[in-house]
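Working notes, beginning with the structure itself.
The values are calculated or read from the model by the stated rules, or taken from the named source; none is laboratory data. In this text, all values refer to a predicted model and were calculated from it rather than measured experimentally. Every residue, glycine as well, gets a Cβ built from its backbone with ideal geometry; the counts of neighbours run over all protein chains shown. Just so you know, the surface numbers come from the protein's heavy atoms only, side chains and all, with ligands and any DNA or RNA stripped out. Shrake-Rupley method; radii C 1.70, N 1.55, O 1.52, S 1.80 Å.
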Amino acid sequence: MATPANRMFRRLEGLFCVYKPSGVHWKLVRDSIETNLLKGLNAAPRPPLPQEVRFLAHPVSETEAPKGLTLSAATVPALAQHPLVSGPEFQRVRVGVGHRLDAFSSGVLVLGVGNGNKALNDLYGTRVTRDYTLEGEFGTATDDFSHKGSVVERSTYGHITQDKLDKVLAMLEGANQKALLMYSKVDMRSQEAYEMAVHGLLGPEGKSQPILTGLRCVHFQPPNFTLEVQCLNETQRYLCKVVHEIGLELRSTAVCKGVRRTRDGPFTLRDALIHHQWTASDVTQAVRQYHSSKKNTRYSHKPIQTPACRPPEESTTTANEMELATKQEKVQ
């Protein structure tokens, strides 16, 4: 029979996401969640200890000693299964990590528990895109493209306008769209390519270079600006380099002040658990919500019957009425 801890672990199996703060390595996030899940599982009530029958000796006086030893049957708990003897029920919980974030970045980090690790591999085999918010600053260049690196150059930025920035972003997006079509390995003149483009399934086969599928400026107040990026196969260092290259295209320099992931596939900031929610109960609720959203997505693809289509029963009745009317005309 399954114990309460085993039933709780089955409810934990699946995918969920957390919010990784900046300045914290993803391994520390994973280890903290593993520790909290182990505490929650081992804190579950244990079933009562099984009973076993033992023969116990009765104490006898000196006068009764020659008569022999007196035994009686008694039921006692089996201490071999006591927690102090057998130890905690769960020694380790394997938590898998999806597309990772470096220590400089923050945002949505997808994790999997148990058989959720297989679902994690399946998820990233479907060419999911990710959204980021990039904070940039004109006028400075560093050796690692971030504001924490060593400054290697300073430049002016007064000539930069939002229109010029938008033109550069449109140029970069167009070049990446061409790369997306090239790496998709599909004939662009075929019906298959058209249907894949309509359903948003065009993407690189296997591992490719990073591709930006969307790029726009949402805030511009020189020297600071904010970009929203949608991409595939990216790294956070590559995104910082994109900010640097945007500065060069505008005949200036730029550094990245922050990288924040706002969406990873179906997971958004709204689904992310913050630090005080990294507990077994909150993770269980997040996994349940993910499973329910998968079911709703699956059911939403059912074809919808339009009013122009009649049910089969009505079509049959109409055909019978027409046949009867034809026979009456022949009799007349």
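Can you pull out the residues in the range 137-164 that are more than 32 Å from the chain's Cα centre (by Cα) and polar (S, T, N, Q)? Selection gives Thr140, Thr142, Ser150, Ser155, Thr156, Thr161, Gln162. Within the range 260-276, the only residue that satisfies the criterion of being in a helix (DSSP H, G or I) and within 19 Å of Gly96 (Cβ to Cβ) is Asp271. Looking only at residues in the range 68-80 that are open to solvent by 40 Å² or more (accessible area, probe 1.4 Å) and in a loop (DSSP other than H, G, I, E, B), the one that is farthest from Met8 (Cα to Cα) is Leu69. Pairing each residue of the range 247-265 that is without any contact (Cβ under 8 Å) to a residue 60 or more places away in the chain and open to solvent by 10 Å² or more (accessible area, probe 1.4 Å) with any residue that is outside any helix (DSSP H, G or I) and not β-branched (Val, Ile, Thr), provided the two are 6+ apart or on different chains, yields C-beta distances under 9 Å for Leu248/Ala141; Leu248/Ala254.
Scanning the range 81-123 for residues that are open to solvent by 10 Å² or more (accessible area, probe 1.4 Å), in a loop (DSSP other than H, G, I, E, B) and touching a strand residue (DSSP E or B) at 6+ places or on another chain (Cβ under 7 Å) returns Gly98, His99, Phe104.
Residues in the range 215-231 include none that are modelled with pLDDT under 80 and assigned by the TED database to the domain that holds Ala141. Scanning the range 1-59 for residues that are open to solvent by 90 Å² or more (accessible area, probe 1.4 Å) and assigned to a strand (DSSP E or B) gives Gln51, Val53, Arg54, Phe55. Looking at Leu120, Leu101, Leu109, Leu134, just one residue is within 12 Å of the chain's Cα centre (by Cα) and at pLDDT 95 or above, and that residue is Leu109. Selection within the range 151-176: residues that are of a type in the set (S, T, N, Q) and open to solvent by less than 70 Å² (accessible area, probe 1.4 Å). The member of this set that is nearest to Leu250 (Cα to Cα) is Thr161.
There is at least one residue in the range 173-185 that is in contact with a strand residue (DSSP E or B) (Cβ under 6 Å, 6 or more places away or on another chain), assigned to a helix (DSSP H, G or I) and within 30 Å of Leu15 (Cα to Cα).
Pairs are defined by a Cβ separation below 7 Å, a sequence spacing of at least 6 or placement on different chains, a first member in the range 26-44 that is over 17 Å from Ala2 (Cα atoms), and a second member that is part of a helix (DSSP H, G or I) and open to solvent by less than 60 Å² (accessible area, probe 1.4 Å); the pairs so defined are Asn36/Ala280; Leu37/Leu12; Leu37/Ala280; Leu37/Val283. Taking the conditions (1) open to solvent by 80 Å² or more (accessible area, probe 1.4 Å); (2) at pLDDT 90 or above; (3) acidic (Asp, Glu) in turn, Asp282 satisfies each one other than (1).
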